[in-house]
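Here the structure comes first, spelled out in structure tokens, and everything after it is commentary.
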Amino acid sequence: MTWHWRHISDTEVTIRERIARRFRHHVQTPKNPKGRIHREPCVVCKNILTDAHHVDYTQTFKVVWLCFKCHRKVERGRLKITKKMIWDYSSLVITRPGGQRNEKSIMG
């Protein structure tokens, strides 16, 4: 097991990385101009340099946009997240019969 500051198991780290990668695929960036999710300013301090914070990793497309400083405060328990802060992008995903998930096409 590799060291992690919160003593998270390797399996859990792998799952988190996979979920973050899946979400990142949809975020619009200069390298990915067709991304359907636009970065928003930090919900606390309005800084425009933000990252998506997943409150619950089982809900891939529910995130809070936070700058680095505010993200650290949340991780250390100094800042609480409310329901009003959460952005829900789950409408980007549709579920097929049988429970298989499929992202909607960009063309609609």
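Each value in this text was obtained by applying a stated rule to the coordinates, not by laboratory testing. Just so you know, these numbers come straight off a predicted model, no measurement behind them. Counting neighbours? That spans all protein chains shown, and the Cβs are built from the backbone with ideal geometry, glycine included.
Inside segment 40-57, can you point out the residues that are surrounded by 15 or more Cβ atoms within 10 Å (Cβ to Cβ), closer than 21 Å to R18 by Cα and of a type outside the set (D, E)?
Passing the criteria: T50, A52, H53, H54.
Any residue at all in segment 60-72 that's surrounded by fewer than 10 Cβ atoms within 10 Å (Cβ to Cβ) and of a type in the set (D, E, K, R)?
No, segment 60-72 contains no residue that is surrounded by fewer than 10 Cβ atoms within 10 Å (Cβ to Cβ) and of a type in the set (D, E, K, R).
Of all residues being part of a loop (DSSP other than H, G, I, E, B) and charged (D, E, K, R) in segment 57-82, which is farthest from H25 (Cα to Cα)? Just the residue, please.
For segment 57-82, the residue satisfying everything is R78.
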